[in-house]
1. Gain in length, THR58 to ALA30, computed as 0.36 nm per residue apart minus the alpha-carbon separation, to one decimal in nm?
2. Arrange the peptides 16-25, 38-47 so that the one whose residues have, on average, the most other Cβ atoms within 10 Å appears first.
Amino acid sequence: MARFVVGGAKSHLGAFMSNVFRSLIALSLALSLAACAAAPPPPPEIAPPAKKPLDAKTQLETGKTY
């Protein structure tokens, strides 16, 4: 009777290892696909708007002439 239990335990352990092995294969496949995916495009470079020329009144008030 003890021999039957040991054999049954091996069968159950083999199924568990098979599930673990399949899970590891699926995980490695998913990670390899993710590693080969294209990188996202870089964000567009946004330049600051050009400075507006100061009008005559502002130039007189600030003392800056351009």
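No value in this document is a laboratory result; all are computed from the given coordinates. None of these values were measured; they are calculated from a predicted model. Cβ placement follows ideal geometry from the backbone for every residue including glycine, while neighbour counts extend to all protein chains displayed.
1. Length difference between fully extended and current span is 3.8 nm.
2. My ranking of the peptides, most packed first, is 16-25, 38-47.
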